[in-house]
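Undergrad: After the C-alpha cells below, expect a handful of questions from me.
The values are calculated or read from the model by the stated rules, or taken from the named source; none is laboratory data. Predicted, not measured: the structure shown is a model, and the values here were computed from it. Cβ placement follows ideal geometry from the backbone for every residue including glycine, while neighbour counts extend to all protein chains displayed. These accessible areas exclude ligands, DNA and RNA; they are computed on the full protein's heavy atoms, side chains included. Shrake-Rupley method; radii C 1.70, N 1.55, O 1.52, S 1.80 Å.
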Amino acid sequence: MRRSDLFLPASREPRASAADAAASLERAGLIRQAGSGLHAFAPAGERVKRKLIRRLRTAMAAVGGQAVSLPALQDARRWRESGRWRDFEDEMFTLENRDGRAMCLAPSHEEAVVDLLSGAVRSYDDLPLLVYQVGEKYRDDHARNGLVRCKAFTMKDAYSVHADAESLALTYREVRAAYARAFADLGVEFAVVGADDGVMGGSTSEEFVAPVADGSDRLRYCTADGCRFGVTDERADFEDFAAGGDCPDCGGDLAESDGIEIAHVFQLDTRYSEPTGFTVDAADGTEFHPDMGSYGVGVTRLLQVLVQQDLEGGATDDGLRWPVTDWSTVAPYRAGVVPVRYEGELRRAAEDLYDACEDVLLFDDRSQSVGERFAESDLLGLPAKVVLGDHYLETGEAELETRDGETTYLDPGEVPGALERYAAGT
Ligand SMILES: [Zn+2]
C-alpha cells in the first residue's frame, strides 16, 4: 500500500494516559469512535482485525469446524423458548418489525444455531457437528475502555452438537486447546479460569482471561511458563488463592492483576436443545435432545488487549507494538519502506522493493520529514522499517530496523524473504 493512497485517520492529540489502549488505537488511525460503545474500523485497523480472524478460522478448521453465518437480527420466538427473551442480563436490544413482531439484535447465537440445525440434523450418525461464524454481536452494555466493553463488537463464536456427554467433553477439550494455541501464537498473555456459567447455563465452563492493569475482573494467575491456572473474583473460592502463594496446578507463583475475558467455552448439555424441542434420532429409533457446546472469542476486544498488555508493560514511546511470535504478527503491514529522500536512486530502489513485496508493505512515498515518517511507522506498530538512505547509496544495502531498534543490513533482494516472518497466516 502506498502511504499517499492510504486512508489513515491518525491524530497527534496527546493522550490522557500512556496506558490507554483505546486512545492509542484511535491516535494511530486504526479505529474511530462512532458513538458511545460504537466503533468504526479504518483500513489499517481492519487489516489487523482480519489477520486475527484468519488465525481463529485456522484454529476452528484444525478441530473440524465448518464456517456458517447466522442472522444478527432475530425473531423473538426461539428466545422465548429458551427463556432468555429480554433476560440477557438486561443487555438485549429489542425492537418490533413492521408487522408488530418482536425481534432482537442477537447478543449471542445459541438460539440461532438451533434454528439452523433443528429438523435438518436428523440422526445420531450426523453427530458430532461443529459450526462457527465470525460476526457482530449487540449488547446494551455500559460502554467502557474502548473495544473492551461496547454495544456492538465482533465475535468468533462456535457451537457443537453431540450424541452424548463424552463426545461433548472431547470437542470441548479440543476447542479449548485450539484457542490456547491461537492465543499463544497471537502473543496474548492469558490464564484459564473455571467460571460461573451465568447467563449461558449448562454444566461446565471456562474463561480465558488476559491479565491487564486495568480491567473489569480481579484475577489471580500462575506466572510459570505454560501453566494457565487462574481464578477471578467471580468465583466463591477466590480468596483461597493468595497473590504470592503457590499455584495448585504446578506449585509456581501466583500473581494478581485485573483481567479481561477474551474467550469463554461452555458445555451447555441440553440447556438449549430441550426447551427448543431440538431432537435427533438415536440408533434404536427413539429420539433424544442432543448435548451442545458453545465457544466464543471476542475478536475486537482481543485486538485491544494485545495493545493494552504491551502499553502496560512500560512501552516508552507513544506508538503501538503488535506482538511478534514464532507464528507471526497481526500488525497491519509487514514493514514500512522509508526512503530517506523520495528522489533519484533511493526512489528507484524503494519502488523496486515495493513492487517485489506488493500489498504487504506500507510504502512511504510522501515528502514529510524522515523523523515524522519514522514516528508514523512506530505509531502504527509496524514490526519493521526498511530504510533506504545514505547507507544504501554507499554500500547497496538496505537497513532493516525492527520495532525494538535492532538493525540488520541486507541486499534489497533479501528483504522480502526477511519479512516473511511477519506474514500472518502462513
Ligand atoms: Zn501453575
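Undergrad: Would you call His264 more than 13 Å from the ligand (Cβ to nearest atom) and open to solvent by 60 Å² or more (accessible area, probe 1.4 Å)?
TA: Against the criterion (more than 13 Å from the ligand (Cβ to nearest atom) and open to solvent by 60 Å² or more (accessible area, probe 1.4 Å)), His264 does not qualify.
Undergrad: Let me ask something else. Would you pick out the residues in segment 87-102 that are among the hydrophobic types (A, V, I, L, M, F, W, C) and in contact (Cβ under 8 Å) with a residue 40 or more places away in the chain?
TA: Selection gives Phe88, Met92, Phe93.
Undergrad: Right, something else. Restricting to segment 325-342, count the residues that are within 27 Å of Gly389 (Cα to Cα) and open to solvent by 10 Å² or more (accessible area, probe 1.4 Å).
TA: Summing the residues that are within 27 Å of Gly389 (Cα to Cα) and open to solvent by 10 Å² or more (accessible area, probe 1.4 Å) in segment 325-342 gives 4.
Undergrad: I'd like the full set of residues that are assigned to a loop (DSSP other than H, G, I, E, B), of a type in the set (Asp, Glu) and closer than 23 Å to Asp269 by Cβ, limited to segment 80-122.
TA: Within segment 80-122, Asp87, Glu89 qualify.
Undergrad: Among the residues of segment 286-313, which ones are in a helix (DSSP H, G or I) and open to solvent by less than 10 Å² (accessible area, probe 1.4 Å)?
TA: Val299, Thr300, Leu302, Leu303, Gln304, Val305, Leu306, Val307, Gln308
Undergrad: Only one of Thr316, Thr329 is modelled with pLDDT of 90 or more, in a loop (DSSP other than H, G, I, E, B) and closer than 29 Å to Glu26 by Cβ. Can you tell me which?
TA: Thr329
Undergrad: A further question follows. Could you please let me know if Pro416 is open to solvent by less than 60 Å² (accessible area, probe 1.4 Å) and within 24 Å of the chain's Cα centre (by Cα)?
TA: no
Undergrad: If Arg220 meets every condition in (1) away from the ligand (no atom under 16 Å from the Cβ); (2) in contact with a strand residue (DSSP E or B) (Cβ under 7 Å, 6 or more places away or on another chain) apart from one, which number is that one?
TA: The failed condition is (1).
Undergrad: Could you say which residue among Ala283, Ala242 is open to solvent by 10 Å² or more (accessible area, probe 1.4 Å), in a loop (DSSP other than H, G, I, E, B) and without any contact (Cβ under 8 Å) to a residue 40 or more places away in the chain?
TA: The unique qualifying residue is Ala242.
Undergrad: Starting from residues that are open to solvent by less than 40 Å² (accessible area, probe 1.4 Å) and over 17 Å from the mean Cα position of the chain (by Cα), keep the ones in segment 25-54 and report whichever is nearest to Trp322 (Cα to Cα).
TA: Ala28
Undergrad: May I ask you to verify whether Glu136 is modelled with pLDDT of 95 or more, in the same structural domain as Glu287 (by TED's automatic domain parsing) and over 23 Å from Ala282 (Cβ atoms)?
TA: Considered against the rule, which asks whether it is modelled with pLDDT of 95 or more, in the same structural domain as Glu287 (by TED's automatic domain parsing) and over 23 Å from Ala282 (Cβ atoms), Glu136 comes out as yes.
Undergrad: May I pose another question? Within segment 249-278, can you find the residues that are free of Cβ contacts under 8 Å to residues at least 40 places away in the same chain and not in a strand (DSSP E or B)?
TA: Those that are free of Cβ contacts under 8 Å to residues at least 40 places away in the same chain and not in a strand (DSSP E or B): Asp249, Cys250, Gly251, Gly252, Thr270, Glu274.
Undergrad: So is Glu401 of a type in the set (Asp, Glu), crowded, with 18+ Cβ neighbours inside 10 Å and assigned to a helix (DSSP H, G or I) or not?
TA: No.
Undergrad: So which of Asp249, Asp225, Asp214, Asp240 is more than 16 Å from the ligand (Cβ to nearest atom) and not hydrophobic (A, V, I, L, M, F, W, C)?
TA: Answer to the selection: Asp214.
Undergrad: Filter segment 343-375 down to the residues that are hydroxyl-bearing (Ser, Thr, Tyr) and open to solvent by 50 Å² or more (accessible area, probe 1.4 Å), then identify the one that is nearest to Glu399 (Cα to Cα).
TA: Ser369
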